[in-house]
Amino acid sequence: DLLWVRFLRGDVQQPLPSVEEARAYVYDEDERLIVRHTRRRMLVGTAHQVATAARNLAATYGAAEVLITTIVHDPE
């Protein structure tokens, strides 16, 4: 969420926030609106839930393939 808030506000110079930084961040009302907006574009859940949602989206739009991007602060 914090990454998208920064990105949509034009702040693309900062590194990807850590989990700790993102959890500690206090969002203002405008930023909470951004979070609500960007969350509608995400598939979040268990592996089964995400796979099902991705298949449903692909079927809805007639997509032949789906690209999934995961952005993580530290792959470990």
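Structure summary
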| item | result |
| --- | --- |
| The chain - percent of accessible surface contributed by carbon and sulfur, probe 1.4 Å | 55 percent |
| Gain in span if fully extended, Leu67 to Leu33, counting 0.36 nm per residue against the direct Cα distance | 9.6 nm |
| Percentage relative contact order, the stretch 3-76, counting C-alpha pairs under 8 Å, at least six apart | 36 percent |
| Isotropic mean projected area of the C-alpha convex hull, the chain (nm²) | 6.5 nm² |
| For the stretch 1-30 versus the stretch 37-64, the gap between their alpha-carbon centres in whole angstrom | 23 Å |
| Gain on full stretching of the segment that runs from Tyr25 to Leu57 - 0.36 nm per residue minus C-alpha separation | 8.4 nm |
| Per residue solvent-accessible surface (Å²) - the chain, probe of 1.4 Å | 85 Å² |
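The values are calculated or read from the model by the stated rules, or taken from the named source; none is laboratory data. Since the model is a prediction, treat every value here as computed from it, not as a measurement. Accessible surface is based on the protein model in full, side chains and every heavy atom, while ligands, DNA and RNA are left aside. Shrake-Rupley method; radii C 1.70, N 1.55, O 1.52, S 1.80 Å.
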